[in-house]
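Below is one structure; the comments refer to it alone.
The numbers here are math on the coordinates, done by the rules we state, and not lab data. Owing to the predicted nature of the structure, the values given are computational and were not obtained by experimental measurement. For neighbour counting, all protein chains shown are included, and Cβ atoms are generated from backbone atoms with ideal geometry for every residue, glycine included.
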Amino acid sequence: MSVLVYIENTNGELKKSAFEAASYAKEVADLLNTEAIAVSIGDVDRQALSSLGNCGVTKVFHVSQDNLKNFVNQAYASIVAHIAKEQKATVVVFSNTFSGKGLAPRVATKLNAALVAGAITLPTITGEQFALKRNAFSNKAIATVTVETPVKVITINPNSFAVKETGGTAQVEDYSAPVGGEDFSTIVKDIVRATDKISLPEAEIVVSAGRGLKGPENWGMIEELASVLGAATACSKPVSDAGWRPHSEHVGQTGLVVSPNLYIAIGISGAIQHLAGVSSSKTIVVINKDPEAPFFKVADYGIVGDAFVVVPKLIEALKVYKG
Ligand code: FAD
């Protein structure tokens with residue numbers, strides 16, 4: 001028996017969310033009195049993989065083949081499912097990222113496993129009962145999901161679980177993957193990064209702006225604030241609908257769901273559809289000129305004021321603070 005975690009990388013560099021998933025897997029493994037093991041696909045430095053031992057992972061299967069350099073959903077899913085079967089994994093953990101969202105349901109199908117997407121707690125295990133909590137109805141309710149299949153697949157949102165350092169190094173084992181044929185019905189020939197900006201779903205700080213900014217020409221100060229803070233930028237739906245910002249920045253019920261440590265909302269009213277995508281942020285700061293804006297009800301800190309006055313002052317102060 002084991003708990004298997006899929007370790008994601010970008011251009012060979014392990015993602016922060018991969019360490020969070022590894023740490024989560026270790027905690028699940030402890031509950032099951034078993035060990036947490038990992039699978040990493042692509043060219044990743046062995047030392048980086050062995051550092052997963054600091055999250056409690058004992059062994060990492062390292063799959064590095066030419067035809068697997070780029071993310072191929074079907075092939076990657078086959079490999080994870082294969083290793084899960086071989087290692088008798090009863091739980092398989094993914095980050096709820098773009099690739100994790102693609103892989104988890106495929107792996108669950110291959111393993112006849114139930115899938116709990118976006119778990120917000122560790123499982124409660126009582127005898128054969130395995131229960132998890134997840135957000136439901138656009139974060140307006142919390143559902144307790146009871147899983148009865150022998151194998152369970154869980155995804156967790158980036159920034160939702162802290163990495164718990166355990167010390168130690170993981171054993172890294174090269175693994176030759178038995179993939180071919182239909183696993184490569186889709187081939188990724190090339191990946192062109194649209195932007196070098198911080199990835200929004202995984203960002204620890206998000207600076208987001210809405211229709212209160214009046215037009216795309218005013219986003220300079222939003223970009224600057226994000227740059228000073230090392231943050232990703234986001235926006236409300238009408239802003240991306242109007243073409244002021246790319247759709248990839250739209251957060252909310254119909255856009256991305258984010259859970260950063262800090263979400264700064266500027267000139268956004270706080271409609272429920274917007275809050276659905278951001279309410280699990282750890283700290284919310286709202287800047288709005290209308291003191292009655294609904295966003296203030298869920299804010300940890302609020303500034304009632306004109307964004308065109310407040311934001312430049314904030315940038316100035318942060319620059320002084322950062323030296
Ligand atoms: P507005 O509602 O126009 O608010 C602008 C805010 O800026 C106001 O609060 C105003 O006081 C403030 N403001 C104006 N000038 C300034 C200034 N100078 N300084 C400071 N503050 C200022 N929306 C989403 O964002 N994401 C979604 O995923 C989403 N999905 C939806 C799905 C459905 C089915 C529906 C019906 C709607 C959805 N919406 C979504 C739209 C949502 O209901 C709101 O209309 C939208 O979030 C409002 O965007 P906003 O806050 O940027 O604009």
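With the cut-off at 19 Å, report for region 108-164 the share of all Cα pairs above it, as a whole percent.
On the way: 501 of 1596 pairs.
Of all Cα-Cα pairs in region 108-164, 31 percent lie more than 19 Å apart.
For a Förster distance of 41 Å, can you work out the FRET efficiency between the beta-carbons of Ile272 and Thr195, rounded to the nearest 0.05? Provide the component values of the computation, followed by the final result.
Values: r = 29 Å, r/R0 = 0.71.
Plugging the Cβ-Cβ distance into 1/(1 + (r/R0)^6) gives 0.90.
Sum up the charges of everything whose Cβ sits under 14 Å from the Cβ of Gly42, counting Lys and Arg as +1 and Asp and Glu as -1, but leave Gly42 out. Before the final figure, lay out the partial values.
Values: positive: Lys15, Arg46, Lys69; negative: Glu8, Glu13, Asp43, Asp45, Asp66, Asp174.
The answer is -3.
Helix 220-229 versus the longest principal axis of the chain: what angle, 0 to 90°, nearest 10, using Cα atoms?
So the inclination is approximately 50 degrees.
How big is the convex hull of the Cα atoms of region 214-323, per residue, in Å³? Intermediate results must be reported in sequence, preceding the final value.
Details: hull volume 10.6 nm³, N = 110.
Spread over its residues, the Cα hull of region 214-323 gives 96 Å³ apiece.
Taking only the alpha carbons of region 69-160, what extent do you get along each of the three principal axes, in Å, biggest first?
Taking the Cα atoms of region 69-160, the three principal extents are 39, 30, 19 Å.
So if I place +1 on the C-beta of Lys and Arg and -1 on the C-beta of Asp and Glu, and nothing else carries charge, what would the dipole magnitude of the chain be about its Cα centre? I want it in debye, nearest 20.
Values: 29 positive and 31 negative charges, 113 e Å.
The dipole magnitude comes to about 540 debye.
Nearest 20 debye, what's the magnitude of the dipole of region 192-323 about its Cα centre given +1 on Lys and Arg Cβ and -1 on Asp and Glu Cβ? Can you show the working numbers first?
Details: 12 positive and 13 negative charges, 7 e Å.
Charge dipole of region 192-323: 40 debye, to the nearest 20.
Put +1 on the Cβ of each Lys and Arg and -1 on the Cβ of each Asp and Glu in region 156-302; which of Ala265, Leu229, Ser185 then has its Cα farthest toward the positive end of the dipole?
Of the candidates, Ala265 comes out farthest on the positive side.
Please report, to two decimal places, log10 I(q)/I(0) for region 37-85 at q = 0.14, 0.19, 0.29 Å⁻¹ as given by the Debye formula with identical point scatterers on the Cα atoms and no solvent.
-0.35, -0.63, -1.11
Under the rule a/c < 1.5 gives rounded, and otherwise a/b versus b/c splits prolate from oblate, where does region 162-206 land using the Cα gyration tensor? Don't skip to the answer; put the middle values down first.
Values: a/c = 3.16, a/b = 1.12, b/c = 2.82.
Judged from the Cα gyration tensor, region 162-206 comes out oblate (a/c at least 1.5, b/c at or above a/b).
So, in nm, how far is label His247 from label Lys319 when the simple model puts each one 7 Å beyond its Cα toward the Cβ?
3.6
If eta is 1.567 mPa s and T is 4 °C, what Stokes-Einstein diffusion coefficient results for region 1-159, Kirkwood Rh from Cα pairs, in µm²/s? Can you show the working numbers first?
Details: Rh = 15.4 Å.
Here the translational diffusion coefficient equals 84 µm²/s.
What shape does region 283-323 take by its C-alpha gyration tensor, where a ≥ b ≥ c are the square roots of the eigenvalues and a/c under 1.5 counts as rounded, a/b above b/c as prolate, and the rest as oblate? It would help to have the intermediate numbers written out before the result.
Working: a/c = 4.69, a/b = 1.75, b/c = 2.68.
Oblate is the answer for region 283-323, as a/c is 1.5 or above yet b/c matches or exceeds a/b.
Work out which trypsin sites (Lys or Arg not before Pro) in the chain are exposed loop sites (DSSP not H, G, I, E or B, at most 16 other Cβ within 10 Å) and give the longest gap free of them.
Details: sites that count: Lys69, Lys88, Lys140, Lys164, Lys189, Arg193, Lys197, Lys214, Lys282, Lys289.
The answer is 1-68.
When Lys and Arg each count +1 and Asp and Glu each count -1, what net charge do the other residues less than 10 Å away from Leu262, Cβ to Cβ, add up to? Walk me through the numbers before you get to the answer.
Numbers: positive: Lys282; negative: Glu204, Asp300.
It works out to a net charge of -1.
Could you compute Rg(Cα) / (2.2 N^0.38 Å) for the chain, with N its residue count?
Relative to the rule-of-thumb radius for its length, the chain sits at 1.06.
When only alpha-carbon atoms are used, what values of Rg and Dmax, in angstrom, describe region 13-68?
That works out to 11.5, 37 Å for Rg and Dmax.
For region 1-94, how big is Rg over Rh, using alpha carbon atoms and the Kirkwood form of Rh?
My calculation puts Rg/Rh at 0.94.
So for the chain: antiparallel DSSP bridges make up what percent, rounded to the nearest 5?
Values: 13 of 62 bridges.
If we restrict to bridges inside the chain, about 20 percent are antiparallel.
Roughly what % of DSSP beta bridges within region 74-166 run antiparallel, to the nearest 5?
Working: 11 of 20 bridges.
Roughly 55 percent of the beta bridges in region 74-166 run antiparallel, per DSSP.
Excluding Glu217 itself, what net charge comes from residues whose Cβ is under 13 Å from its Cβ, given Lys and Arg +1 and Asp and Glu -1? If you can, show how the numbers build up before the last one.
Values: positive: Lys214, Arg245; negative: Glu223.
Here the count lands on +1.
If you wrap a convex hull around the Cα atoms of region 144-270, how much volume per residue is inside, in Å³? Could you put the intermediate results ahead of the total?
Working: hull volume 29.8 nm³, N = 127.
Value for region 144-270: 235 Å³ per residue.
For a paramagnetic label modelled at 7 Å from the Cα of Asp300 toward its Cβ, which residues of region 255-270 fall within the zone defined by backbone nitrogen distances under 11 Å?
Taking a point 7 Å out along Cα→Cβ of Asp300, the residues of region 255-270 whose backbone N falls under 11 Å are 260-264.
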